[in-house]
Every structure is written in C-alpha cells, then in structure tokens.
Amino acid sequence: MVAMMLVVFGVTALALFFAQRNMAANVKRDLQREFQGELTALHAMRDVRHAALAELCRMLARKPRIHAALEDNALDLLYPSARDELRDILTSDDPAHQDSGSGTLHARFYRFLDGEGNVMAPPNGQGAGWLNATEEAQLNLKTLPPLPQTGYLTRADDGLGERVEEVIAMPIVSSETGAPIAALVLGFRPMDLNTRRATEGIRSGVWLGGRLHLPALNEATRKALADEVSRDMVDVGRADKNLTVEIDGSPYLMFYKLLNPASLFPRAFEVCLYPLADSIDRQHRLFWQFTAVGGLLLLGAFGASRFLSIQLAVPVEKMAIDSEENRAQRVRAETALELTHEELQRSARFSADASHQLKTPVTVLRAGLEELLAGEKLTAEVREEMSTLVHQTFRLTSIIEDLLLLSRMDAGRLQLDFSPVNLTQLLDAWLDDLGALPDAVELAVETDYPPALFILGEKRYTAIILQNLMENARKYNRAGGRIRVAARTEDEWGILVIGNSGQPIPPDAQENIFQRFHRGVAGENVPGHGLGLNLARQLARLHGGDLRLARSDGEWTEFEVRFRLVVPVRASTRVSA
Amino acid sequence: MIPLPRMNTPRFALLAAILLWPVQFVWADAAIEGRVELPKARTAPVMNRRYEIVSKGGVLSTNPPLAVVYLEGQFPAPTNPALLQVTQKDMAFIPTLLPLQAGTRVEFPNLDDTYHNIFSYSPAKRFDLGRYRPDERPIPSLLFDVPGLVVLRCDIHEHMRGLILVLATPYFVLTDPAGHYHLTGLPPGKYVLKAWLDSKTTLEHPVELQDGAALQLNFP
C-alpha cells in the first residue's frame, strides 16, 4: 500500500513538474507571439499610412499647375501653386494650431528639390511650413531620385528637445520629357505608436544618425540604447532584429527594423521596446501558483491513494475470507456428494441384491403352493385360499422384477440397445391380448394410429411402457368405459396418447402419480403396486423421450408418451417417394 | 448701228478705277510659296486631321507635324482686332496650334459636358480662366498682345495641351501636312521669313520682296 502511495505521489509530482515547465515555455512563446503580433499590426498600420501618404504625394506631383510652373519656366509660381494644391493637407503654420486636429495624413511642411536634388527655397518661407537652415539642409539629396524616397528629419522641438518627422520625396516627372525634373518633399509627423490602444506596453521610437528618439526614456538610457543599436547594427548588419536589453534594472525585449531601405536619405530604424517585467512576474506567479496547486494536488493524491488502497483492500480481504469459506464448503459438498453417491450405489446394490434374493424364495414358494394345489385332498375353501396365495406370488414376482429393473436403472446399469421399433405392431399385439382378457370385453377400444410408426428403442422395454400404460387404462376404467389409443408424428417425435374413461386423478394427486409406490384414489380396489408409472416414465426417458399426464378431468384421463422417431428411415422414405 | 452711250471723262475715269482696283492690288503685292521640311510624324497621320501636342525632350510640337511660316518685320498693330476661337472638345484643344497676330482676342468655348479650367504659366501670357461649364456666358476670352508661345493647360485634365503662337505680324500661314505653304499679299521690302517648327526650333531666311513678284523658298 505504501509503495502504491509512493508511486501515485511520484507520478503526480513528475506530472506537475512537466506541466509547470510546459506552462512556462507556453507563457514565453505566447509573449513572443503577442509581441510579434502587436508589432505586425503596428507595421501593417504604418504601411497603410505610408502607402496613403505616398499616393497623396504622387497625386500632388502630377498636378498640372506644378508641372506648368516647372515646365513653362514659371518658378515664381511654383510655391504659390503648390500652396493652393496642398491647402487641404497642410497644417497651419501657427504653432497653436499645429497639433489640434491634425491627422496623421496632414503634412507639416513641403519643399521642392531642383534638378540637382537641392532644396529650392520658398520665396518667403510662408505657407510652405517653417524649417530652419539645418533642418532644410537635411532635405538635400545628392541627386534627383527616380523613385519615391522615405526619410526622417530631426527637428528642434520648442523646449522639449528634438523630435523626428517623416519625409517623403516624390519625383516630379516631366509630362514632356518623361524624366524627373524636380521632387516634391512633404514632411509628416510620424505615426505615434505610443498612443495607440493596440500597442499597450510597447514603446516605440526612431533611431536616426546614432541617436535614439524615444521621449519616454531618459537621456542616459536613450544614449545607451542608441549605442547598443548602433553596435549591433554594425556587428550584425541586419535590417531587423530582436534582442533583450535591460533598462533601469528591468528587462525589455527590443526590436529594431530599418524604416527606409534603399533610400537616399540617411538610414533610420524603428526601435520598439516591450517590457518583460510583467511577463516575468506572471511567470513567477504561475510558478508559485503551480507549486501551491501542486502541493494541494499531492496532498489530495496522498489522501486519495490512501482512501483508494483502503477501499480496494477491504473487498480483497473479504474475497480471501469468502474464498476460504467457499473452499471449505466445496470440500464439504464434495464429501457429501461422494457419500450420497456411495449411498446411492449401496442402495441400488441393496435393491438389486434384495430383488435377486427375493425372487428365488418366491419362485420356490409358488412352486410349493402349486404343488400343494395339485393335491386332491384339499377342500374347496383351502383350494380357494391357496389359489389366492399363488396369485399373490405372481404379484410378488412382478413387484420384484419391477424393483430389479428400477434398481438397475438407478445404478445406471441399464443401457438400451437402440433399434427401430414398430410401435404400431406392439400396440396391435397388446390390443389383441386385451381382447382375450375376460374383464376387458365391456370396454370399447378406439384406435387412431398409422399402419407403421417406427421409433428408436429396445423392443422389450418399449413394450413394458406400453403394457404399463395400457394396463392402467384398463384397470382404472369404469365398467362399459372406453380406451382410446392414438399415435402421430410431430417433428422428430412419435407421440403416443393413451386415454381412458373413468374417475379422474384429483389435481392435488397429479403431481405424485409418477412417484414410486404411489397409488391412485381407487388404489384399494385395483391391483397394482405403485411402481408402473414410475417405471414407465424412467424407461421413456431412457428412450430419449418422456411420459406425462396429458389431461385428467371429467371422466377422461390421458397419458402422453413421446418417443424419438427413426429419422433416417423417414428421410429415405421421403427421398424414394 | 447701235450708238454707244455717251460718257464724260471724269465718270469714265472713276469706273475704270473701280474695275481695275483689285487688279492693281493683286499685282502690286508679293507672294512666297515653298515647302518646309517637316520632321516625320510619330504615328501614321489620321484622316480627320486631329492634331495633338506632343513633346520630345521638353520640345512641344504638333503631331502630325505642322509648321507656321511668317514674315517678320515692322508692321502696325491691327486697328480692329480679330476674334478667334480655341474650343475645348473631347478633352482636347481645337485647334491644337493657333498662330495669330498680337492684339488678337481669342475665345475659349467649352464644348464638353464637363468643367474645364484653362490656364497658362507661359511668360507670353499668364492667365487662369478658372473653372467654367459649357453654358458659361459670355464665353471667356483673352487678348493676346505679347508675341511668344503660350502653352495652354487644363487644371482638371492634366493631359490637355494647346499652343497659341502669338506673332508680331499679320503675314503668317500654317503649312499643310506635307509642309507646303503659300503666303500672299505681302508688302514689298526686306524681311526675314521664319518657319516655326516647334517650341525650340524656328528656321529663318532673309527675303527681299518686290512688287508683284512671287518667291519660291524652301526650308531649310
């Protein structure tokens, strides 16, 4: 039992250990997936916005007035024309209105680049968005780009340090030559990922020119991270990467990605930080929860295993006791059976011995009586008396023979030698004998059986069955009554029904008529010794059939014997027919 | 014999003058004819003579190519300005190239079912007619008084281009698609005959015209 408990305990502990490890791995994987999922969502949002901005720029770069100004030598009209075209998307110059209601698709400034890729200064800076000289210089490209370019611009933020703005340079292709003749540069505020609901937890900034612009962090941290990105970028040279960093003692997952691949503007990287502290806390919490739950489970398992072992042990013990009792009972039963068997054998032997021992003196007695009867000196009364005695010896012989037969059957020593027996023939013979009896003359005999009916049996024993039943029908009949003998086949059975008129057997006596030495109610006046029906039934069963009382009511009693038919004979008859 | 009606000398002289005036006018003026070698058309010429403005390397010309041949000299401005039209039909300017004498007024009727907004940033004429519909009345018009090439554009339909060549002369003619031209009624004198082929190419040749003489001159 202790071993079982230990096994349960060990298995539970092992399962808990693996479950905890699996759970920790799942948490980590979920975290990574969550981070990647959020980033992907952010990038998809940013890509959509960028595509929208690029399309906006492309549309503006196709405006006929801008083309006319550039192609028809009217550069003085370039910025005014552009201002008209850009009026809807340009935010106000007034700083007070710059942030209010300016959507992410609103431009903060615009400039044109000439054929050399240098900024064409606006006539008075008004209406094109103000940029100082340093900022404007960042827009210069060494050549005019044939394709749109994305860049990032560091701008001084009033009292707040620096901020980064996104620029898109869209080449203006001459409708006359098909070659780029200028470029329109539009500046936008980058999408602020830190304020998006979907990005809860993620901090995002831009790495540009060795500096990290992430207002949520302090200067020292920004510098350290910028250095790390710069170093990592140089070492690995990849355009994007995941790495773990530590900020103020807390671990963060850092992701950086090149924002403007293949751009003529300086390279800029998006840097995203995802705090790991929460997830580590979560893992710790999970660990302790697991430990606690595990402990409880172990205790539960301990209790359960104990309870189970007790519950299991009780029936086993009970079974052991029962088994011992059963064994004793079986031994007793076997002994009793053996005794009974011996008893039966002894009884059967006794019966057989007794029959043999009795038959001889009876025969001697009868012979003696018949000898005396043959004497001539006897008076009529003595003769009458002796005649009765002789008759009694016959009766005694009959009883002894029946007992002998029964004892042989009881001992299992009577084996029938089966052969086809013509039942019809036996019936006819017996009916002939009946006709010869003096007291049978008054009885009407009806017969209803086929000309030949072959059953399986041994003729002398079959005859005993018929004889016993027929004699009963005669003996228990009333004066002037009738006997009906009928036989028929039914499936594989040959069925013989012998009925007689006369006083019926009372219902409560019907059960006992097949018992040995049972006599009917009319038994006193009827010769017999109560063995006939018992003997007939035993023999019928030895034949493979049976004998039963079919009915006994009113004035009519019927017995039915069932014999096995000789099947092969019937089959061949049928075939030959 | 039927007697001739009597006619006194002054009346005869007046009649003769009236009858002979055109003869004197034709015979007195010079004429130039010839052929301008036009660049090959970019595509096969179409039957309905629809011209479009095409550009190659920033040079505007018509396709199929046409040239404007004009006589350059000191001529007085027209006292009674002519009125011409450049229509906007099927999203195109018709005619695509209109030569005219400085001081000519041009109307720009809109024959399309949509708005057009004609403007030009050309130094010869900067203007913006704004958006207007076909039923705009009066039909927007402009006086072109500074010689030069005016590129017409539509602010709504960026592909539309039209050219107006403002000339300081009343003597000009548009060649046929084969380049043939015929200038008549020219005053005698020394001039420069020019052939405008595209926005960057103008051929020229000095000519001296004499009374009633017909000059044959091919470009180049």
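Key figures for this structure:
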read-out	value
Which numbered condition A:P190 fails, given (1) within 21 Å of A:R62 (Cα to Cα); (2) modelled with pLDDT under 85	(1)
Segments classed as strands (runs of 3 or more DSSP E), wholly inside segment B:154-200, with at least 1 members that are within 14 Å of chain A (Cβ to nearest Cβ)	B:161-167, B:189-198
Those residues of segment A:410-430 which are assigned to a helix (DSSP H, G or I) and more than 58 Å from the chain's Cα centre (by Cα), in sequence order	A:L423, A:T424, A:Q425, A:L426, A:L427, A:D428, A:A429, A:W430
Which numbered condition A:L131 fails, given (1) at pLDDT 85 or above; (2) crowded, with 19+ Cβ neighbours inside 10 Å; (3) among the aliphatic types (A, V, I, L, M)	(1)
Complete set of residues in segment A:363-399 that are free of Cβ contacts under 8 Å to residues at least 60 places away in the same chain, part of a helix (DSSP H, G or I) and basic (K, R)	A:R366, A:R383
Qualifying position, being closer than 28 Å to A:F394 by Cα and modelled with pLDDT of 90 or more, among A:V526, A:V497, A:V561	A:V561
Failed condition for B:R105, given (1) within 14 Å of chain A (Cβ to nearest Cβ); (2) in contact (Cβ under 8 Å) with a residue 24 or more places away in the chain; (3) under 21 Å from the mean Cα position of the chain (by Cα); (4) surrounded by fewer than 17 Cβ atoms within 10 Å (Cβ to Cβ)	(1)
Lone unmet requirement of (1) without any contact (Cβ under 8 Å) to a residue 12 or more places away in the chain; (2) away from every other protein chain (no Cβ under 14 Å) for B:R126	(2)
Unique residue being out of contact with any Ser or Thr (no Cβ under 6 Å at 6 or more places or on another chain), modelled with pLDDT of 80 or more, part of a helix (DSSP H, G or I) and more than 30 Å from A:H284 (Cβ to Cβ) when the list is A:A19, A:A3, A:A44, A:A69	A:A44
Strands (runs of 3 or more DSSP E) within segment A:232-316 that include 3 or more residues outside the structural domain of A:N22 (by TED's automatic domain parsing), out of contact with any Lys or Arg (no Cβ under 7 Å at 6 or more places or on another chain) and without any contact (Cβ under 8 Å) to a residue 24 or more places away in the chain	A:240-247
Among the residues listed as B:L193, B:L165, B:L149, B:L143, the single one being under 21 Å from B:L215 (Cβ atoms) and of a type in the set (A, V, I, L, M, F, W, C)	B:L193
Filter pass, A:T360 being more than 60 Å from the chain's Cα centre (by Cα), over 29 Å from A:S407 (Cα atoms) and of a type in the set (S, T, Y)	no
Every residue from segment A:205-241 that is in contact with a helix residue (DSSP H, G or I) (Cβ under 7 Å, 6 or more places away or on another chain) and at pLDDT 80 or above	A:W207, A:G210, A:R211, A:L212, A:L214
Pairs where the first residue, in segment A:43-65, is within 13 Å of chain B (Cβ to nearest Cβ) and the second is of a type in the set (G, A, S) and in a helix (DSSP H, G or I), C-beta under 9 Å, 6+ apart	A:L60/A:A82; A:K63/A:S81; A:K63/A:A82; A:R65/A:S81; A:R65/A:A82
Breaking point among (1) crowded, with 18+ Cβ neighbours inside 10 Å; (2) modelled with pLDDT of 90 or more; (3) farther than 26 Å from A:S419 by Cβ, for A:G520	(2)
Top-ranked residue of segment A:130-180 - restricted to ones that are touching a residue at least 24 places away in the same chain (Cβ under 8 Å), of a type outside the set (V, I, T) and within 14 Å of another protein chain (Cβ to nearest Cβ), ranked as farthest from B:V151 (Cα to Cα)	A:P180
Given (1) assigned by TED's automatic domain parsing to the domain that holds B:D135; (2) under 23 Å from B:G189 (Cα atoms); (3) at pLDDT below 90, number of the condition B:W27 does not satisfy	(1)
Those residues of segment B:129-153 which are buried (at least 19 other Cβ atoms within 10 Å of the Cβ) and more than 12 Å from chain A (Cβ to nearest Cβ), in sequence order	B:L129, B:F144
Checking A:E85 against (1) modelled with pLDDT under 85; (2) in contact with a Pro (Cβ under 9 Å, 6 or more places away or on another chain); (3) within 13 Å of chain B (Cβ to nearest Cβ), the condition it does not meet	(2)
Count - residues of segment B:84-102 that are without any contact (Cβ under 8 Å) to a residue 40 or more places away in the chain and among the small types (G, A, S)	0
Given (1) more than 24 Å from A:Q357 (Cβ to Cβ); (2) assigned by TED's automatic domain parsing to the domain that holds A:I513, index of the condition A:I464 fails	(1)
Failed condition for B:S141, given (1) modelled with pLDDT of 90 or more; (2) in contact with a helix residue (DSSP H, G or I) (Cβ under 9 Å, 6 or more places away or on another chain)	(2)
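The values are calculated or read from the model by the stated rules, or taken from the named source; none is laboratory data. These numbers come from a predicted model, not from an experiment. No Cβ is skipped: glycine too gets one built from the backbone with ideal geometry, and neighbour counts run over all protein chains shown.
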